[in-house]
Amino acid sequence: MPATTIKHPGATPAFLARVYQFERDRLTRIIPAAGNGYVLPAVWSPDHSVWRKLRSAAGARGLDPARYVRWCLDAPQVGYPPKVPEPNRLLEARRLDLYEGTLPTVRLEIAGQFRREKETARRNLTVRQQAHGQKPEFAQINVVADGGHLDLSPLFCYVLARDIGTNKLLRIARRLEGDALFQFGRDAEENAAVYGVDGHLPDGFTTRAAEFYASLIDAFAARHDRGVRT
């Protein structure tokens with residue numbers, strides 16, 4: 001069985017088309033060689049049969065089709081120079097096989113990353129307090145605020161700020177929440193298993209992550225003539 005069963009309730013064919021558009025556009029911002037923005041062309045409009053076939057192909061394997069689309073358009077998958085798959089290429093059995101084969105390792109990878117980030121944060125807090133003479137809360141704020149330079153993910157920094165729980169750190173957590181929701185939703189079930197223990201995350205975070213991602217998708221489509229370029 002795949003490692004995740006969480007599916008967005010709105011994973012209709014049209015939603016999958018918008019996911020593809022959003023993720024492909026996002027890819028161009030990560031890898032400029034992948035293009036200069038992206039709007040779904042009319043040939044792949046949301047009512048094209050490819051999106052229904054994609055939902056069926058993923059569903060037949062028990063896979064979340066929206067999550068699969070996100071994976072297919074990840075920078076590591078397209079490589080460099082980027083080879084970005086057109087929607088019909090997402091139906092290839094070998095690509096579906098490859099994705100399905102990665103799922104059993106996702107939770108282990110997230111757990112390993114979480115441990116490494118905890119150690120990095122602990123080490124930097126110690127250095128800031130013992131070597132630099134910073135007060136505990138000041139050191140904590142600096143570590144959370146400097147998370148990107150320390151290779152600490154938004155989700156980890158959000159959790160750390162909430163766990164510390166001072167008023168200043170909780171305000172920082174609220175500013176990090178959007179990025180944390182986006183990261184969490186990428187591998188929702190596995191992130192819930194790793195980050196969701198011991199009260200690290202607020203109630204309903206999984207649902208909110210799905211809703212947050214869907215709102216990004218819909219807002220992007222709305223800004224681009226309902227997602228279709230004629």
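The values are calculated or read from the model by the stated rules, or taken from the named source; none is laboratory data. Every value quoted in this text rests on a predicted model; they were computed, and no experiment measured them. In this analysis, Cβ positions are derived from the backbone assuming ideal geometry, glycine residues included, and neighbour counts consider all displayed protein chains. With ligands, DNA and RNA removed, areas are computed over all heavy atoms of the protein, side chains included. Shrake-Rupley method; radii C 1.70, N 1.55, O 1.52, S 1.80 Å.
Beta carbons closer than 9 Å, at least 6 apart along the sequence or on distinct chains, never pair a first residue in segment 133-152 that is without any contact (Cβ under 8 Å) to a residue 12 or more places away in the chain and under 12 Å from ILE164 (Cα atoms) with a second that is open to solvent by 70 Å² or more (accessible area, probe 1.4 Å) and part of a loop (DSSP other than H, G, I, E, B). Scanning segment 36-76 for residues that are over 17 Å from ASP25 (Cβ atoms) and polar (S, T, N, Q) yields SER49, SER56.
Restricting attention to segment 203-230, the residues being over 18 Å from the mean Cα position of the chain (by Cα), outside any helix (DSSP H, G or I) and at pLDDT 90 or above number 1. Of all residues in segment 54-83, those being assigned to a loop (DSSP other than H, G, I, E, B) and surrounded by 19 or more Cβ atoms within 10 Å (Cβ to Cβ) number 3.
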